[in-house]
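The values are calculated or read from the model by the stated rules, or taken from the named source; none is laboratory data. No experiment lies behind these values; they were computed from the predicted model shown. Glycine also receives a Cβ, built like all others from the backbone with ideal geometry; neighbour counts cover every protein chain displayed. These area figures cover heavy atoms from the full protein model, side chains too; ligands, DNA and RNA do not enter into them. Shrake-Rupley method; radii C 1.70, N 1.55, O 1.52, S 1.80 Å.
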Amino acid sequence: MDMKEQIQKAEESILHTYNRFPVVFEKGNGVFLYDTEGKEYLDFAAGIAVNSLGYHYPGYDEALISQVKKLTHISNLYYTEPIIEAGRKLVEKSRLAKAFFTNSGAEAIEGALKAAKKYAYTRDGHAGHEIIAMRHSFHGRTVGALSVTGNAHYQEPFEPLMGGVRFADFNDLDSVKALVTDKTCAVITETVQGEGGIYPAKKEFLEGLRALCDEKDILLILDEIQCGMGRTGEYFAWQNYGVAPDIMTTAKALGCGVPVGAFVLGEKAAASSLMSGDHGTTYGGNPLACAAVSTVFDLYENNHILAHVKEISAYLEKRLEELAEKSPYVVERRGMGLMQGLQITGKPVGEVVKKALEAGLVVISAGSDVLRFVPPLIIREEHVDQMSSILEGILLD
Ligand SMILES: *Cc1c(COP(=O)(O)O)cnc(C)c1O
């Protein structure tokens, strides 16, 4: 079967919820991908900010294979060595208190929302609390996560969603303050908005949210699913701001390719929210997923990944700025670390993405007009150069 036939086959049985690009990927190596016809692609999407160590990073496959040979699943009714290790490392690096492992980002959001509601329920002795979320946010596609996702297009067909959610403007503290009532139990925001178009939080905004939440005993939930796990040069993006959340969600690069997420609670939230019997998951935190998490933390540490991100992201920013200067189609560059966006005008961003793919570069879009760069964290200058020369061919003509 050639690629065209393979794609037809796929469409016969896979529900068409994604407009997939016409490529069948077969394998990866380092920061390169290969399709079933042998064509090579430079990967600046990393499976949407997941494959932060690229493909077959030394030590990663070996650790997973060794865990597969021991035990892949056993249930949360028992302890395993991988969950002990993964939990310890996640809590240590986030400097928070307690972790709950999930299978996805959306599931981590669901848990974070439940934890916030339970915290307020415990404090007030009754339910019926409200959550403040941000416009243009993205927190996932399950019903609870969708309820706090500020995108009418994603929400509308599925209403009524979870009630008690109010939307404020990201980076506008007054708009959040205006929505606070005595029922508010949490404010949820991405530290760097991803799907919405790569918008980093302003320092005053996060500091203001922290102070507001402290004053009113509201929990601050920071969604680090996309911007976390080293992408901004710190383990979690909020660590660049010196503002800690009460609850953090993580997923995507947490397992660097194995499906796993987590919500992590600070001392206060951990002490009086979800108790035994309040929450669960069959697969979440299974030994295979946790072996991946544990290995990812070790590989980041031993190979100084965060230091590398700090260095290479300065170079990426510089090259993107140059592109922005030269191209009539680029409005501006935004982002933090290896989470960057170019806002495009005068050309549909989808067309840029498609042309890049044809030219052997995997990039994705964000929002309606942003070209998104979330490469593996291990990219080097030569890869950045290769990426920008391919994009010059598309954005300068
Ligand atoms: C991807 C993403 C999610 C949802 O994660 P899934 O694993 O797709 O459920 C939630 N929040 C943010 C910020 C994301 O980027």
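Determine, yes or no, whether LEU265 is more than 20 Å from the chain's Cα centre (by Cα) and either open to solvent by 10 Å² or more (accessible area, probe 1.4 Å) or within 16 Å of the ligand (Cβ to nearest atom) (or both).
On the way: more than 20 Å from the chain's Cα centre (by Cα): no; either open to solvent by 10 Å² or more (accessible area, probe 1.4 Å) or within 16 Å of the ligand (Cβ to nearest atom) (or both): yes.
Here the answer is no, as LEU265 does not meet what is asked.
Among residues belonging to the stretch 207-257 that are part of a loop (DSSP other than H, G, I, E, B) and polar (S, T, N, Q), point out the one that is nearest to the chain's Cα centre (by Cα).
The initial filter retains those residues of the stretch 207-257 that are part of a loop (DSSP other than H, G, I, E, B), namely 217-218, 224-236, 241-246, 251, 255, 257.
Now restrict to residues that are polar (S, T, N, Q): 226, 232.
Numbers: GLN226: 2, THR232: 12 Å.
It comes out as GLN226.
Of the residues ILE83, ILE48, only one is touching a residue at least 24 places away in the same chain (Cβ under 8 Å) and in the same structural domain as LEU274 (by TED's automatic domain parsing); which?
Values: ILE48 fails: in the same structural domain as LEU274 (by TED's automatic domain parsing).
Being touching a residue at least 24 places away in the same chain (Cβ under 8 Å) and in the same structural domain as LEU274 (by TED's automatic domain parsing) holds for just one of ILE83, ILE48, which is ILE83.
Within 15 Å of the ligand (Cβ to nearest atom), among the charged types (D, E, K, R) and either surrounded by fewer than 18 Cβ atoms within 10 Å (Cβ to Cβ) or modelled with pLDDT of 95 or more (or both): which single residue out of ASP124, ASP169, ASP223 fits that description?
Values: ASP124 fails: within 15 Å of the ligand (Cβ to nearest atom); ASP169 fails: within 15 Å of the ligand (Cβ to nearest atom).
From the options ASP124, ASP169, ASP223, the qualifying one is ASP223.
Is there any pair linking a residue in the stretch 137-151 that is within 16 Å of GLU224 (Cβ to Cβ) and in the same structural domain as GLU224 (by TED's automatic domain parsing) to one that is more than 8 Å from the ligand (Cβ to nearest atom) and of a type in the set (Phe, Trp, Tyr), with Cβ under 9 Å and at least six apart or on different chains, and which?
Listed pairs, sorted by first residue: SER137/PHE167; SER137/PHE170; PHE138/TYR154; VAL148/PHE167.
Under 6 Å between Cβ atoms, which residue pairs at least 6 apart in sequence (or on different chains) link something in the stretch 91-102 that is open to solvent by less than 40 Å² (accessible area, probe 1.4 Å) with a partner that is of a type in the set (D, E, K, R)?
Pairs that qualify, where the first residue is open to solvent by less than 40 Å² (accessible area, probe 1.4 Å) and the partner is of a type in the set (D, E, K, R), are ALA97/GLU267.
Yes or no, residue by residue, for (1) small (Gly, Ala, Ser); (2) closer than 22 Å to LYS252 by Cα; (3) open to solvent by 40 Å² or more (accessible area, probe 1.4 Å):
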position	(1), (2), (3)
ALA307	yes, yes, yes
GLU321	no, no, yes
ALA324	yes, no, no
VAL330	no, no, no
ARG333	no, no, yes
MET336	no, yes, no
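Picking from GLU130, GLU107, GLU85, which residue would you name as being within 21 Å of TYR154 (Cβ to Cβ) and more than 16 Å from the ligand (Cβ to nearest atom)? I'd like the intermediate steps shown before the answer.
Details: GLU107 fails: more than 16 Å from the ligand (Cβ to nearest atom); GLU85 fails: within 21 Å of TYR154 (Cβ to Cβ).
Testing whether each residue is within 21 Å of TYR154 (Cβ to Cβ) and more than 16 Å from the ligand (Cβ to nearest atom) leaves just GLU130.
Could you count how many residues in the stretch 155-166 are within 16 Å of the ligand (Cβ to nearest atom) and of a type outside the set (Val, Ile, Thr)? Let's see the steps before the verdict.
Initially, the stretch 155-166 is screened for residues within 16 Å of the ligand (Cβ to nearest atom), giving 155, 158, 161-162, 165.
From what's left, of a type outside the set (Val, Ile, Thr): 155, 158, 161-162.
Qualifying residue count, the stretch 155-166: 4.
When GLY277 is evaluated against the numbered criteria (1) in contact with a Ser or Thr (Cβ under 8 Å, 6 or more places away or on another chain); (2) at positive phi, which criterion, by number, is the only one it fails?
If we test GLY277 against (1) in contact with a Ser or Thr (Cβ under 8 Å, 6 or more places away or on another chain); (2) at positive phi, just (1) comes out false.
When you check THR281 against the structure, is it within 16 Å of the ligand (Cβ to nearest atom) and open to solvent by 10 Å² or more (accessible area, probe 1.4 Å), yes or no?
Working: within 16 Å of the ligand (Cβ to nearest atom): yes; open to solvent by 10 Å² or more (accessible area, probe 1.4 Å): yes.
For THR281, the condition - within 16 Å of the ligand (Cβ to nearest atom) and open to solvent by 10 Å² or more (accessible area, probe 1.4 Å) - is met.
Conditions first: (1) small (Gly, Ala, Ser); (2) touching a residue at least 40 places away in the same chain (Cβ under 8 Å); (3) at positive phi. GLY125 passes all but one, so which condition is the exception?
(2)
Identify the single condition in (1) open to solvent by less than 20 Å² (accessible area, probe 1.4 Å); (2) farther than 22 Å from ILE84 by Cβ; (3) free of Cβ contacts under 8 Å to residues at least 40 places away in the same chain that GLY242 does not satisfy, given that it satisfies every other one.
Failed condition: (1).
Take residues that are open to solvent by less than 30 Å² (accessible area, probe 1.4 Å) and among the hydroxyl-bearing types (Ser, Thr, Tyr) and tell me which of the strands (runs of 3 or more DSSP E) falling wholly in the stretch 21-78 contain 1 or more. I'd like the intermediate steps shown before the answer.
Details: elements: 25-29, 32-35, 40-43.
Fully inside the stretch 21-78 and qualifying: 40-43.
With the condition being within 22 Å of the chain's Cα centre (by Cα), within 20 Å of ARG20 (Cα to Cα) and not assigned by TED's automatic domain parsing to the domain that holds GLY197, I'd like the helices (runs of 4 or more DSSP H) fully within the stretch 278-384 carrying at least 1 qualifying residues.
On the way: elements: 287-302, 305-326, 349-358.
Counting at least 1 such residues, we get 349-358.
Condition test on THR184, is it open to solvent by 10 Å² or more (accessible area, probe 1.4 Å), touching a residue at least 24 places away in the same chain (Cβ under 8 Å), of a type in the set (Ser, Thr, Tyr) and within 25 Å of ASP278 (Cα to Cα)?
On the way: open to solvent by 10 Å² or more (accessible area, probe 1.4 Å): no; touching a residue at least 24 places away in the same chain (Cβ under 8 Å): yes; of a type in the set (Ser, Thr, Tyr): yes; within 25 Å of ASP278 (Cα to Cα): yes.
Judged against the criteria, THR184 is not a match.
Can you tell me which residue within the stretch 133-154, out of those that are part of a loop (DSSP other than H, G, I, E, B) and within 11 Å of the ligand (Cβ to nearest atom), is most open to solvent (accessible area, probe 1.4 Å)?
Here is the first cut: in the stretch 133-154, the ones part of a loop (DSSP other than H, G, I, E, B) are 136-142, 148-149, 151.
Those left that are additionally within 11 Å of the ligand (Cβ to nearest atom): 137-142, 148-149.
Details: SER137: 5, PHE138: 41, HIS139: 4, GLY140: 8, ARG141: 145, THR142: 59, VAL148: 0, THR149: 0 Å².
Among those that are part of a loop (DSSP other than H, G, I, E, B) and within 11 Å of the ligand (Cβ to nearest atom), it is ARG141.
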